[in-house]
1. Compute the Cα gyration tensor for segment 1-149, then decide on rounded, prolate or oblate, letting a ≥ b ≥ c be the square roots of its eigenvalues: rounded whenever a/c is under 1.5, prolate when a/b is larger than b/c in the other cases, and oblate in all that remain.
2. Between residue 94 and residue 250, what FRET efficiency follows from the Cβ-Cβ distance if R0 is 25 Å, with the result rounded to 0.05?
3. Order these peptides, 139-145, 50-56, by their mean beta-carbon neighbour count within 10 angstrom, highest first.
4. Could you tell me the calculated FRET efficiency between residue 127 and residue 164, based on Cβ-Cβ distance and R0 = 25 angstrom, to the nearest 0.05?
5. Under a plain spin-label model, where a point goes 7 Å from the Cα along Cα-to-Cβ, how far apart in nm are residue 116 and residue 205?
6. Please give the FRET efficiency for residue 52 paired with residue 185, using the beta carbon to beta carbon distance and R0 = 22 Å, rounded to the nearest 0.05.
7. Over all alpha-carbon pairs of segment 188-249, lay out the pair-distance distribution in 10 Å bins, whole %, shortest bin first.
8. Once you sort the root eigenvalues of the Cα gyration tensor of segment 109-253 as a ≥ b ≥ c, which label holds: rounded (a/c under 1.5), prolate (a/b larger than b/c) or oblate (the other case)?
Ligand SMILES: Nc1ncnc2c1ncn2[C@@H]1O[C@H](COP(=O)(O)OP(=O)(O)O)[C@@H](O)[C@H]1O
Ligand SMILES: [Mg+2]
């Protein structure tokens, strides 16, 4: 079975999609066979990887509509070695879908997925809906990107409440990989304060290596490429390489 990371925060705009796309690319560059699954119907993972999706393209959301749909049908290769994508359906509406928290977990157990992938990365919507519950139920590790901003602790706290519920319910295997300071800048006092608060509340070992503020990440996204290919010498490429190596240590050697 592939090891599954879920990238989640109950707040929008905290860098979930940026982390999902670039973490997936880093793990693939380390030689792992990676499947990125886009559960957010905004469909941004496809944009970030330069994958064109049409109305006829099978998507991961099919498994939430029909019990006979298979995840493997939605998996497609990308332009990047060892990196595949199960894109999102941009027409999938919030609140839609079968009421079953175990659909994605079972889909990841499909033979073709187990055979072809070492790692799965799940990008999630910020809303607490059946898709997020499916993602948390299917995952082994949670990565929580947060922007060190005064309001960010609220999204983190809301997510932690959901995590405790999941860990004591549908997924006792779920573990916290850590909190990831996104767009952080150590020279900005509020960034230091908020990051320090998270460290105090959850333990300093729960802080993942920071991804600093870098406009090149937005440019890379618009160009449909992970940062390591778009701007390999950038600060963000350096940060994501460090993060990828760090999180790869959580995989069985
Ligand atoms: N480290 C960073 N430095 C600069 N901009 C960033 C960084 N991380 C993310 N962004 C930008 O912030 C915006 C929100 O990021 P995104 O990954 O879409 O968040 P989410 O998926 O949580 O809504 C995007 O425009 C993205 O390019
Ligand atoms: Mg997103």
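Every read-out reported here was derived from the displayed coordinates using simple, explicitly stated rules and does not represent laboratory data. Keep in mind it's a predicted model, so treat the numbers as computed, not measured. With ideal geometry, Cβ positions are generated from the backbone for all residues, glycine too; neighbour counts draw on all protein chains shown.
1. Numbers: a/c = 1.25, a/b = 1.02, b/c = 1.23.
Rounded, since a/c falls under 1.5.
2. 0.20
3. In descending order of packing, they fall as 139-145, 50-56.
4. So, using R0 = 25 Å, E works out to roughly 0.85.
5. For residue 116 paired with residue 205, the spin-label model returns 3.8 nm.
6. In this case the efficiency is close to 0.05.
7. Reading the bins upward from 0: 21, 39, 32, 9.
8. Working: a/c = 1.77, a/b = 1.14, b/c = 1.55.
In terms of gyration-tensor shape, oblate.
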